[in-house]
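Read through the structure below, which is laid out as structure tokens, and then see the notes.
The values are calculated or read from the model by the stated rules, or taken from the named source; none is laboratory data. What you see is a predicted model, and the numbers here were worked out from it, not measured in a lab. Neighbour counts run over all protein chains shown; Cβ positions are idealised from the backbone, glycine included. Ligands, DNA and RNA are stripped out before the accessible areas are found, and what is left, the full protein with its side chains, is counted by its heavy atoms. Shrake-Rupley method; radii C 1.70, N 1.55, O 1.52, S 1.80 Å.
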Amino acid sequence: MTTAAYIHIPFCRRRCYYCDFAISVVGDRDLTEDSIIVKDYIDHLCQEIRATSQSNKPLQTIFFGGGTPSLLPVKQLEQVINTIEKQFGIASDAEISIEIDPNTFDQEKLQGYLDCGVNRVSLGIQTFDEKLLELCGRTHRVKDIFQAIENIKKLSIENFSLDLITGLPHQTLDHCQTSLETAIDINPAHLSCYDLVLEPVTAFGKQYQPGKTPLPDDETTAAMYRLTQQILTTNGYNHYEISNYAKPGYQCQHNRVYWENKPYYGFGMSAASYVANQRYTRPRTRREYYNWIKEGAVIDILKVDQWDLLLETLMLGLRLAEGVDLSIISQKFGKNNLSKILNCLQEYQNINWVLIEKNLKSNQKYRLRLTDPEGFLFSNQILTSLFELELD
Ligand code: SF4
């Protein structure tokens, strides 16, 4: 049963130097409800939603990501939510999240989003260091972050998250510590802390080489990861996923759907969906996306086979602090595969990167998880070993 939907809103003022997402650069002008680019995109998006076959349950989570969804005028956000409501229904306790960037909304616009049903906001700040913000090509400055937070707090939005990045060029452990401490003073319900990934097509990818100055070396990025874990967990945040921390009751329900490898709809250019064991990624440019809609939004069947399903279940599930349920792995993929997986992980268990927990009553092995922070930190190495396994 599919009860989650991701909606891609592609507009950004300009492209940040580390970003390779599918976006449409709109410059400094404010988008209004009469902007042709907005009307066109939202009309196509709603057409896609209406053309999607319904499941018989209302949606539990909706996530507006981008891009910069907070460039969207309230009228168009309302149009999308109304279309979703008509097509699928929205549960009365659904989580409706939107990514917002400083300098792209005021209090009135944010209130408009809340009036449409939004109940969770995720503010992309990246760092509290003025020079680093500029170096990343971000359009906002530190004062804009504080203005955005004032707007969020004036509207008493409790369920708000801040996004931070580590591993930026010229970023030191001190920068990282200062940003984390400033974030804690703001007291968000949730924090996402991602390590920079150098994508070859980005300005950063062309300019820098991994591990070489001015990028921090591997030892420093590992120290940043451990520092983040230590500061946030001692300040009341649960490290519930490799890169995500939440106060009790504030985990992102939508993102949990991905990590638990459950189905979800995706709408808009470049959006991925996973419905009825089929994955599909939409075209990455607006023109191609519009053509795809005009041709009937046909999804090429890309069935996920059992082998991929097992690896995906492990890769995604091990991102979560609670890890994966071994009885489910055994039931779905066979006892033989389970013992191959456990044998392969023995060496990591010996160095305390992997934990295999037993059910105290039955003495059966029942959960597999990575340790925090060391197992999480070296998860790529652990997953590489799993991917090399020859499973039945
Ligand atoms: S605002 Fe976000 S989506 Fe847009 S270019 Fe910057 S990082 Fe990419």
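Quick notes on this structure:
- Filter pass, Arg120 being surrounded by 18 or more Cβ atoms within 10 Å (Cβ to Cβ), within 13 Å of the ligand (Cβ to nearest atom) and either among the basic types (Lys, Arg) or outside the structural domain of Thr202 (by TED's automatic domain parsing) (or both): no
- One residue stands out in the stretch 278-327 among those that are more than 24 Å from Ile23 (Cβ to Cβ) and among the β-branched types (Val, Ile, Thr): the one that is surrounded by the most Cβ atoms within 10 Å (Cβ to Cβ), namely Val324.
- Residue in the stretch 80-102 that is within 16 Å of the ligand (Cβ to nearest atom), outside any helix (DSSP H, G or I), within 30 Å of Thr178 (Cα to Cα) and open to solvent by 10 Å² or more (accessible area, probe 1.4 Å) present: yes
- Some residue of the stretch 241-248 being open to solvent by 30 Å² or more (accessible area, probe 1.4 Å), free of Cβ contacts under 8 Å to residues at least 24 places away in the same chain and on the phi < 0 side of the Ramachandran plot: yes
- Number of the condition not met by Ser161 [criteria: (1) within 16 Å of the ligand (Cβ to nearest atom); (2) in contact with a Leu (Cβ under 6 Å, 6 or more places away or on another chain)]: (2)
- Residue that is nearest to Val80 (Cα to Cα) [pool: residues in the stretch 1-16 that are near the ligand (Cβ under 9 Å from one of its atoms) and open to solvent by 10 Å² or more (accessible area, probe 1.4 Å)]: Cys12
- In the stretch 37-72, residue modelled with the lowest pLDDT [restricted to those that are in a strand (DSSP E or B) and within 16 Å of the ligand (Cβ to nearest atom)]: Gly66
- For Asp34, the stated conditions do not hold, so it cannot be described as within 16 Å of the ligand (Cβ to nearest atom) and open to solvent by 80 Å² or more (accessible area, probe 1.4 Å).
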